[in-house]
Amino acid sequence: MDMLSIFLIGVSLAMDAFAVSITNGITQTRSRFPQALVSSASFGFFQGFMPFIGWALGAAFSARIEKIDHWIAFGLLAFIGIHMIWEAVRGGETCEGGASEFSMKTLMVLSLATSIDALAVGVSFALTGTATLAGILLNCSIIAGVTLVICLAGFYIGRRFGCLYKQKAEIAGGCILTLMGIKILIEHLFFS
């Protein structure tokens, strides 16, 4: 595949992580650049690493991966989305008390959940002839870099909303995550 195609694949794979980064930026109103960078790097790493795993598994396992990837993504995204809505509705937090706690565990789950589709992309790389280790590492690096930049931008876009709409934004973010999970599930069950 040519570099433009890989770049466009990277952009399309980053869209779910971009939406989550906007939500992270909204909920982390007092965050600093290192936190934004760690969050974006986590999304970038998983978006770059999952295609490598998919490529390594190859075409022999593509049917198994395609049968469960949408269920895993749906479950993870819906769980975190519903949890976010519950926490926002339950209330008790004020903006003066500080931003939502930066949880590495939640970040890893979100990074994994938004990168499940990248696993199938990796399998497609194997099917389209990206047979060399150097070729797949280059593709994965481009995807990771694109995702990192897009997510960093998303984090700061979300941060601009600040504390003013924090509860509504957390509810909206939870709804977005849940709807992304439902969308993935519907696409795979009815349109693939």
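The values are calculated or read from the model by the stated rules, or taken from the named source; none is laboratory data. Nothing here was measured: the structure is a model prediction, and the numbers come from that model. Cβ atoms come from the backbone with ideal geometry, glycine included; neighbour counts cover every protein chain shown. These area figures cover heavy atoms from the full protein model, side chains too; ligands, DNA and RNA do not enter into them. Shrake-Rupley method; radii C 1.70, N 1.55, O 1.52, S 1.80 Å.
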Would you rank Leu4, Leu189 by solvent-accessible area, highest first, keeping every protein chain in place and using a 1.4 Å probe?
Leu4, Leu189
Net lengthening on full extension, Cys175/Trp71 (0.36 nm per residue, minus Cα-Cα):
35.7 nm
Solvent-accessible ranking of Arg32, Arg159, largest area first, probe 1.4 Å
Arg32, Arg159
For the Ile82, Ala153 Cβ pair and Förster radius 22 Å, calculated FRET efficiency rounded to 0.05 is 0.25
Tell me the accessible surface of Lys168 in square angstrom (1.4 angstrom probe, heavy atoms of protein chains only), to the nearest ten.
150
Test of understanding: what is the full-extension gain from Leu37 to Met15, defined as 0.36 nm times their sequence separation minus their Cα-Cα distance?
6.2 nm
Would you list Leu37, Leu185 from the most to the least accessible area, probe 1.4 Å?
Leu37, Leu185
